[in-house]
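Q: Have a look at the structure that comes next, please.
The values are calculated or read from the model by the stated rules, or taken from the named source; none is laboratory data. None of these values were measured; they are calculated from a predicted model. Using ideal geometry, Cβ is built from the backbone for each residue, glycine included, and neighbour counts are taken over all protein chains shown. For accessibility, only protein heavy atoms count, side chains too; no ligands or nucleic acids. Shrake-Rupley method; radii C 1.70, N 1.55, O 1.52, S 1.80 Å.
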Amino acid sequence: MPKSKRDRPVTLSKTKKKGRGHKESIVNSIRQAVENYSSIYVFSFENMRNLKFKEFREKLKSTSRFFLGSNKVMQIAIGRSVADEIRPGLRKVSKLLHGDTGLCFTNLPKEEVQRLFNEYEEYDFARTGSTAVEKVELKEGPLDQFTHEMEPFLRKQGMPVRLNKGVVELVSDFVVCEEGTPLSPESARILRLLGIKMATFRLHLVCRWSPDEFDLYKEGLDDSDVESS
């Protein structure tokens, strides 16, 4: 008789959530980085792509270190007020850690950091829920880019297609997506099949801290937005 799944042993290391020990390790790593690097940046990101970000991080690993994760944990690590900031002025950095943000510790000159972040741009296929940046419409007629085996799959995505002498054919015009509207799962799949990349992964500098100065890069912010006791 086969064993019940309830009787099978479960390895706790595979199921246990990251707890206090993991958070303490991150806090300690961040505090050590404060000592090891000459400046700290808060950066924000849009359309994050983990593989692309890993490649960017690898290029700078000899001079820089990045932290992404819980904003609250990063804030605790550097301090959120005059009373608990581990270096003067880091409370300002802490206050800007909200939303899609991370920390970059680096020994690079600030002009080089600004150039690297400002020039960075990677295009990728948009995911479900992303906002379409343009209208994509397919006209009635043959779709030579698709093989006949794909006709059933295209029909499942809502496309009005048929096979005509072994060629996939649209029987009427079809709008894949409208500019400014969220992409449905079907629209995202069709855009991928068409090779249309609508998502742009970008990194934006928010601020820079060093022992001697503090710079704000994000438009619409000034010192009053980051001062706290």
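Q: Could you work out what % of the accessible surface of the chain is carbon and sulfur, using a 1.4 angstrom probe and leaving DNA, RNA and ligands out of the count? Before the final figure, lay out the partial values.
A: Details: 6770 of 14190 Å².
Ligands and nucleic acids excluded, carbon and sulfur reach 48 percent.
Q: Tell me, what ³J(HN,Hα) does each residue in the range 127-140 have, in order and in whole Hz, if you take phi through Karplus 6.51 cos²θ - 1.76 cosθ + 1.60 with θ = phi - 60° and put x for Gly and Pro?
A: For the range 127-140, the Karplus-derived couplings read 9, 3, x, 5, 8, 5, 8, 7, 7, 10, 10, 9, 8, 3 Hz, x marking Gly and Pro.
Q: Looking at the square roots a ≥ b ≥ c of the eigenvalues of the Cα gyration tensor of the range 19-65, which shape do they give, rounded for a/c under 1.5, prolate if a/b is larger than b/c, or oblate?
A: Working: a/c = 1.95, a/b = 1.29, b/c = 1.52.
It is oblate, given that a/c is not under 1.5 and a/b is not larger than b/c.
Q: Consider just the alpha-carbon atoms of the range 53-174 and return their Rg together with their Dmax, both in angstrom.
A: Answer for the range 53-174, Rg first and Dmax second: 24.7, 77 Å.
Q: Let me ask something additional. Tell me the per residue accessible area of the chain using a 1.4 Å probe; a whole number in Å² is fine. Kindly include the intermediate steps, with their values, before the conclusion.
A: On the way: 14190 Å² over 229 residues.
Here the residues of the chain average 62 Å² of exposed surface.
Q: Karplus couplings for the range 155-163 from phi (6.51 cos²θ - 1.76 cosθ + 1.60, θ = phi - 60°), rounded to Hz, Gly and Pro as x?
A: Result, rounded to whole Hz: 4, 5, 7, x, 7, x, 10, 8, 9.
Q: If you don't mind, there's one more thing I want to ask. Take the alpha-carbon centre of the range 64-122, take the same for the range 128-158, and report the distance between them in whole Å.
A: Taking the Cα centre of each part, the range 64-122 and the range 128-158 sit 42 Å apart.
Q: Most fluctuating residue of K72, K156, K197 in a GNM of the chain with Cα springs under 10 Å: which is it?
A: Highest fluctuation of the listed residues: K156.
Q: Okay, helix-only estimate at 222 nm for the chain: each DSSP H run of n ≥ 4 adds -39500 (n - 2.57), divide by all residues, round to 500 deg cm²/dmol; what do you get? Write down the numbers at each step before the final one.
A: Working: 8 runs with 71 residues, N = 229.
One gets -8500 deg cm²/dmol as the mean residue ellipticity at 222 nm.
Q: For the chain, what number results from the quotient of the Cα radius of gyration and 2.2 N^0.38 Å? Walk me through the intermediate numbers first.
A: Working: Rg = 24.5 Å, N = 229, 2.2 N^0.38 = 17.3 Å.
That works out to 1.41 for the chain.
Q: Next question, about the same structure. Would you mind checking which residues have amide H under 5 Å from S39's amide H? H placed 1.01 Å from N; only 5 or more apart, or other chain.
A: T106
Q: In whole Hz and in residue order, list the ³J(HN,Hα) couplings for the range 77-82 that follow from phi through the Karplus curve 6.51 cos²θ - 1.76 cosθ + 1.60, θ = phi - 60°; x for Gly and Pro.
A: 4, 9, x, 10, 8, 4
Q: Along the positive direction of the dipole of the range 96-164 (beta-carbon charges: Lys, Arg +1; Asp, Glu -1; about the Cα centre), which of G99, M159, V133 reaches farthest?
A: Result: M159, furthest along the dipole toward the positive end.
Q: Now, a different point. Which links in K54/K92; K139/K197; K52/K95; K23/K110; K72/K197 stretch past 25 Å when you go from one Cα to the other?
A: Working: K54/K92 27 Å; K139/K197 20 Å; K52/K95 27 Å; K23/K110 29 Å; K72/K197 33 Å.
In this structure, K54/K92; K52/K95; K23/K110; K72/K197 exceed 25 Å between Cα atoms.
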